[in-house]
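The values are calculated or read from the model by the stated rules, or taken from the named source; none is laboratory data. As the structure is a computational prediction, the values presented were derived from the model and not from experiment. Using ideal geometry, Cβ is built from the backbone for each residue, glycine included, and neighbour counts are taken over all protein chains shown.
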Amino acid sequence: MKRRDIRAREVSSQGVAAVPRARLALPVSSIRSIKGMNDALPREAAAFHRVEQAAREVFGRYGFGELRTPIVEEAALFQRGIGDSTDVVEKEMYVFPDRHGTPLALRPEGTASAVRAYLQHNPAAEDPLTRWFYVGPMFRHERPQKGRYRQFQQVGAELFGAANPEADAELIAMVRDWLAALGLNGVELQINSIGDGVCRPGYLETLRVFLRAHAGELCDDCRRRTETNPLRTLDCKNPACQKVLAAAPTPADSLCEPCRAHFAAVRDFLGKLAIEHRLNPRLVRGLDYYTRTTFEFTAEAGLGTQNTVAAGGRYDGLVEALGGPATPAVGFAAGVERLVLALGEDTHAPPGPDLFVASHSEAERGPALKLASAARGANLWAEIDPRGGSLKSQLRRADRLGAKLLIVLGEDEIRSGRVKLKQMGMAGSLGAGQSQEINLTEAVLEVRRALGIAKGGG
Ligand code: ATP
Ligand code: MG
């Protein structure tokens, strides 16, 4: 047993008692988040939310419902579902024993869990077509860099029960619509077919023969993969390997007739949907269960080499490989952090509050709180400065937050019931800097009117 395994086992059986005393004595302020696992502060979280919300909306139009699976599964699920010879299972999974010694894994991807849920709940008994999407964190022990983390968010979708090329085209169209809804520019779609159980074995042998002949020029990983998972060599990032592999036979050269027809039909449907795409004969997926169509969306902006934002394909063999009935399926997964990076974080500066209520003195704090609360009750974003402070400092804060409207409450305002509704920076019905006198009792309605939410008099 490796030392790391022993330590994990001890932690699981002894709980916190296994944490060395010296570490427990450290002040918490010296504890940092785990390398490659990042906090998202509100501004970044809002960007995540926009990406996820757009997915929910667009996927809903295609009839996809949300699936939420646990973040932890039995490690065997991924070992069998993803394949022993993939990077994900070989090097990237977080595996640890639970208190009974059962190996568990933090999920590295969503498809294996979706298939597990599909087999466990058998939705096909009700409807032969199952359309699920998911959103959530995935975990892979990779070298952290821009666009590559150890905990990252994926949005993905799986469509079970349709073998036809329309299904591939629809799924690709759905991703395209989502990326378009996000306003992502410079997106390119690449597609390929890697064949199926009929034609792939023959292709892999042809590829092996080629790779063995060039073994001396390949990296250690590719030499090993020549025997274990030769398809993976095609997407090796090592420049020396890429040079050799430029001359390698590609899956497209060996497709059997049904695979060829399927691929041609997918491309034809994409054409009908006006979805531009580029054929990339070296596009393979790192995961063993893919058959036929593979695709990737890349975005150019701000990502460097980590420029694949969404990737997917058909995996007709996986459900059966995990012990279920033969079930065709097609799916994809996208990296939310990469999308946020590609979208550029500053493109959506957060909007300011609709209303800021300032008070001259202690005496107006109560009425100010009450007015802000009433505004929130009318679905407005309203703020006061809960620290009180001078009027000047409150106004400075209103300005810094980018509040659209301002009401200042003083002794006179409370006595007369008349207040000034002042337009801050934004151009609205009153224009920047202008103000209007209104009744305090109608303030919320007037605020809504000034924001263009409520119309007419009354
Ligand atoms: P790569 O070749 O970039 O490692 P992959 O083939 O491992 O990608 P998939 O397993 O297909 O990626 O995951 C789908 C998408 O999830 C990727 O295209 C990417 O946008 C995102 N993704 C994958 N791994 C990470 C990671 N470690 N950090 C951030 N995003 C990731
Ligand atoms: Mg990877």
Any hit, region 82-93, residues being at pLDDT 95 or above and either touching a helix residue (DSSP H, G or I) at 6+ places or on another chain (Cβ under 9 Å) or outside the structural domain of ALA261 (by TED's automatic domain parsing) (or both): yes
Search result, residues across region 144-157 that are in a loop (DSSP other than H, G, I, E, B) and within 9 Å of ligand 1 (Cβ to nearest atom): PRO144, GLY147, TYR149, ARG150
For CYS256: the one exception among (1) touching a residue at least 24 places away in the same chain (Cβ under 8 Å); (2) within 16 Å of ligand 1 (Cβ to nearest atom); (3) farther than 23 Å from MET174 by Cβ: (2)
Restricting region 320-370 to residues that are under 30 Å from PHE295 (Cα atoms) and among the β-branched types (Val, Ile, Thr), the residue that is nearest to ligand 1 (Cβ to nearest atom): VAL336
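Okay, residues lined up against (1) outside the structural domain of PRO108 (by TED's automatic domain parsing); (2) touching a Pro at 6+ places or on another chain (Cβ under 6 Å); (3) at pLDDT 90 or above; (4) under 25 Å from GLN153 (Cα atoms):
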site	(1), (2), (3), (4)
THR233	yes, no, yes, no
LEU270	no, no, yes, no
HIS277	no, no, yes, no
VAL284	no, no, no, yes
Any hit, region 217-226, residues being closer than 15 Å to ASN280 by Cα and either among the polar types (S, T, N, Q) or surrounded by 17 or more Cβ atoms within 10 Å (Cβ to Cβ) (or both): no
Sole residue being of a type in the set (Phe, Trp, Tyr), within 14 Å of ligand 2 (Cβ to nearest atom) and under 26 Å from ALA45 (Cβ atoms), chosen from TYR94, TYR134, TYR149: TYR149
Matching option when the condition is among the hydrophobic types (A, V, I, L, M, F, W, C), assigned by TED's automatic domain parsing to the domain that holds LEU179 and within 16 Å of ligand 2 (Cβ to nearest atom), among VAL330, VAL309: VAL309
Qualifying residue in region 75-85 (condition: more than 16 Å from ligand 2 (Cβ to nearest atom) and over 30 Å from GLU227 (Cβ atoms)): no
Residue under evaluation GLN120, criteria (1) away from ligand 1 (no atom under 16 Å from the Cβ); (2) within 18 Å of PHE78 (Cα to Cα); (3) in contact (Cβ under 8 Å) with a residue 40 or more places away in the chain, criterion not met: (3)
Whichever residue in region 67-76 is surrounded by 14 or more Cβ atoms within 10 Å (Cβ to Cβ) and touching a residue at least 60 places away in the same chain (Cβ under 8 Å) and, among such residues, is nearest to PHE133 (Cα to Cα): LEU67
Single residue of region 166-205 satisfying the filter (part of a loop (DSSP other than H, G, I, E, B) and of a type in the set (Gly, Ala, Ser)) that is surrounded by the most Cβ atoms within 10 Å (Cβ to Cβ): GLY195
Criterion: at pLDDT 95 or above and over 17 Å from PRO353 (Cβ atoms) - qualifying residue of LYS370, LYS420: LYS420
